[in-house]
Amino acid sequence: MLNPFYRIESVENDLVVWNIYRDNPILKLKGTNANTILKYHLDGSSLDMNNELLYKLSQRGILLDERQMAVYSKLLAWTEQFEAAIDRYRSSEVIIQCLQKTDIRVIMNEAHQFKLTGLSVFSGNANAQYFHYLFIYETISELQQLVSQINRDYCSTVFLCKVKNNTVLEIGPCYQVTEFFCFDCMVHNLDNFQLIYTFHHDCSPTEMLEDEYLKALIDYYTLYMTTLAKTHERKVMARDYDYSCSTVIPPHNPRCSCYHEVQ
């Protein structure tokens, strides 16, 4: 299937690709018979990994499978929410190219059972350059145990989700991991917040979790020129279809030894 951010046409014997936010083609393959590509686009044929051109277009994010298509359709709808000052063409290209290099790792104990279809699209990427962790936990001690399992040298962001009996209670916060990020500070600060407003949404807490996670990735890849997510250093408390947003939960704790080392 064709990524909804693009359109393709066969011009004589060439294959021409446009980003929907740009009038000029972004890719022109000279002397390429586009019949195979157009067939894949029109009828959703399975990707032939032995076809070099189809494989390259898939790696470029131009051709998608059915699971990816559902996620990118959401991403397209969200780009329509960007402020007028944001270049939709450039930002969409950055997001697509970064997602092609993304590996989302969901870390939880076996007792928790969550099917996060949208996030699994970006799991297990052998060519990943960005590693994002989602920790699903019930208690602080469980979270500390999960955090100890990861290689912190290869971690772009961390996103937390508190659950109870496989029900989502808290979505976020999300933090960008830098060389000065302290996981101990993160854990110690989690209850240091106040709720500031409440809203109702038709999606379930699990759906809200997936949407907030993907929106946080978009904001991260646009260097926070976009502000789609509500969970940057904040929590969203879930109670059925009612949600409450918290104040900022800072990633540093002045009582932690790391804070004084940075000073």
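Only one of the listed residues (S58, S92) is open to solvent by less than 40 Å² (accessible area, probe 1.4 Å), modelled with pLDDT of 90 or more and either part of a loop (DSSP other than H, G, I, E, B) or of a type in the set (G, A, S) (or both). That residue is S92. In segment 183-226, the qualifying residues are those that are part of a loop (DSSP other than H, G, I, E, B) and in contact with a Phe, Trp or Tyr (Cβ under 8 Å, 6 or more places away or on another chain), and the one that is nearest to Q144 (Cα to Cα) is S204. Quick check on segment 101-110. Is at least one of its residues of a type in the set (A, V, I, L, M, F, W, C), open to solvent by 40 Å² or more (accessible area, probe 1.4 Å) and within 21 Å of Y175 (Cβ to Cβ)? Yes, segment 101-110 has at least one match. Just checking, does segment 39-50 include any residue being open to solvent by 80 Å² or more (accessible area, probe 1.4 Å), part of a loop (DSSP other than H, G, I, E, B), modelled with pLDDT under 90 and in contact with a helix residue (DSSP H, G or I) (Cβ under 7 Å, 6 or more places away or on another chain)? Taking every residue of segment 39-50 in turn, at least one turns out to be open to solvent by 80 Å² or more (accessible area, probe 1.4 Å), part of a loop (DSSP other than H, G, I, E, B), modelled with pLDDT under 90 and in contact with a helix residue (DSSP H, G or I) (Cβ under 7 Å, 6 or more places away or on another chain). Residues that are part of a loop (DSSP other than H, G, I, E, B) and in contact with a Lys or Arg (Cβ under 7 Å, 6 or more places away or on another chain) were ranked within segment 126-162; the one that is modelled with the lowest pLDDT is N127. With respect to the conditions (1) on the phi > 0 side of the Ramachandran plot; (2) part of a loop (DSSP other than H, G, I, E, B), N253 falls short on a single one, namely (1). Considering only residues in segment 233-250 that are surrounded by 20 or more Cβ atoms within 10 Å (Cβ to Cβ) and in a strand (DSSP E or B), the one that is nearest to the chain's Cα centre (by Cα) turns out to be V236.
The values are calculated or read from the model by the stated rules, or taken from the named source; none is laboratory data. Remember, it's a predicted structure, so these values are computed and weren't measured experimentally. Quick reminder, even Gly has a Cβ in these numbers, built from the backbone with ideal geometry, and neighbours come from all protein chains shown. Each accessible area value is taken on the protein alone, full model and side chains, heavy atoms only, with ligands, DNA and RNA left out. Shrake-Rupley method; radii C 1.70, N 1.55, O 1.52, S 1.80 Å.
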